[in-house]
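Encoded as structure tokens, the structure appears first; notes follow it.
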Amino acid sequence: MTAQKTILRALAGEALPTPPIWMMRQAGRYLPEYKATRAEAGDFLSLCYNPELAAEVTLQPIRRYGFDAAILFADILLLPQALGADLWFVTGEGPRLSTITTADELAALKPVDDIDEVLSPIYETVGILSKELPAETTLIGFAGAPWTVATYMIAGQGTPDQGPAHALKAENKAVFEGLLARITEGTIHYLSKQIDAGAEVIKIFDSWAGSLQGDDFLNYAVKPAAQITAALKAKHPNVPIIAFPRGAGEKYVGLHSTIGSDCIALDDGVTAEWAAANVQTGGCVQGNLASSHMVTGGETLVAETKRICAAFKNGPHIFNLGHGITPDADPENVALMINTVRNG
Ligand code: CP3
């Protein structure tokens, strides 16, 4: 019997002497080998839907750095595309989608039973990875949380304050909640299929949870995540779930139990010391290092990395950034972070 993978041990609640480590957006434009494979694929979406090349970019940071987990290379906006939204990426700007703001547009979305027509290459990527990853590396599948996915589907693009989604919530709650329900149902199907194909852990990205206040946070961030988590646990009781309600701030407290997830991922808006006392008491935590340190490096990077490790050392902890690494990051700084986590 091989010893259980370190990420799975942390997710099961074990405090490890050295925290396992991976990094959001670890396959990305800061790596020259990623840029080369992306050029070979043509564009970002062609890369996502090419199982051989998507598996290749997923493996690149594992080969270069030996991270403890690999995250499937895909995007949270593939699900809206599978539901029938048009999706394209404008270079230097980001995603664009056809919008859903009326009952007719909501009704015109494809049924969840049809989404695999678009998403089957993603399951194929997962299958390749589960064969090719080193035995000690955990494979993480993911999806966007319903609120975050809805903000893009309603606005047709990224927005600084998620204004269009908040407006639809205020003006046409039936369409807004109908859209969230459809995304929730699609997400359960999509994640379940990723698990069938070999994903060992699931992460739910709620990048814009921080703009939901009061009851809205409960109804549109916590409840959909809890619903997805419960549905996945019913089918796949041994697959741990990481929830990432980015920007939750003080609302991070208690989320392990309200969402039912095995791990709560933290952005860099809370201190590790506060999160150790108030969030890690509920279970495993992940994240927290500001991704700007991957650009600036040096002694500050080393000191902050050590501080986070020290704050979380008495409980289950997976080292990660507070948000994705940016294209201007220096690959050398990633090596310095990993070396600091593993060797002090
Ligand atoms: O973490 C990983 O490495 C796994 C793959 C992954 C990507 N996107 C690849 C990607 C994951 C988990 C995501 C999640 C995602 N996608 C989120 C949630 C997490 C977060 O960052 O807040 C969101 C909001 C999206 C939507 C999205 N995709 C945006 C807004 C953009 C454009 C911004 C940018 O960085 O250019 C993308 C594109 C995207 N997704 C890239 C990558 C590597 C860059 C595409 C490229 O190569 O040009």
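Quick look at the values:
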item: Per DSSP, loop GluC sites (Glu not before Pro) in the stretch 44-134 with at most 11 further Cβ within 10 Å; result: Glu93
item: Solitary cysteines of the chain, where the nearest other Cys Cβ is not under 4.7 Å; result: Cys48, Cys309
item: Expected 222 nm ellipticity per residue - DSSP helices of 4 or more, -39500 (n - 2.57), all of the chain, to 500; result: -14000 deg cm²/dmol
item: Percentage relative contact order, the chain, counting C-alpha pairs under 8 Å, at least six apart; result: 20 percent
item: Mean Kyte hydropathy of -0.5 or more with a Cα span along the axis of at least 30 Å, helices from DSSP in the chain; result: 173-197
item: Fraction of accessible area attributable to carbon and sulfur, the stretch 1-99 (%, probe 1.4 Å); result: 50 percent
item: Calculated SAXS-style log₁₀ I(q)/I(0) at q = 0.06, 0.10, 0.11 Å⁻¹ - the chain, Debye, Cα scatterers; result: -0.19, -0.56, -0.68
item: Rounded to 5, the percent of DSSP beta bridges in the stretch 2-343 classed as antiparallel; result: 20 percent
item: Percentage of interatomic Cα-Cα distances in the stretch 13-86 larger than 17 Å; result: 49 percent
item: Heavy-atom accessible area per residue - the chain, 1.4 Å, Å²; result: 40 Å²
item: The stretch 274-343 - percent of accessible surface contributed by carbon and sulfur, probe 1.4 Å; result: 52 percent
item: Heavy-atom accessible area ranking, 1.4 Å probe, most first, across His189, His293; result: His189, His293
item: With DNA, RNA and ligands ignored, accessible area of Phe89 (1.4 Å probe; Å², nearest 10); result: 70 Å²
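The values are calculated or read from the model by the stated rules, or taken from the named source; none is laboratory data. Here the structure is a predicted model, which means the values were calculated and not measured. Neighbour counts run over all protein chains shown; Cβ positions are idealised from the backbone, glycine included. Each accessible area value is taken on the protein alone, full model and side chains, heavy atoms only, with ligands, DNA and RNA left out. Shrake-Rupley method; radii C 1.70, N 1.55, O 1.52, S 1.80 Å.
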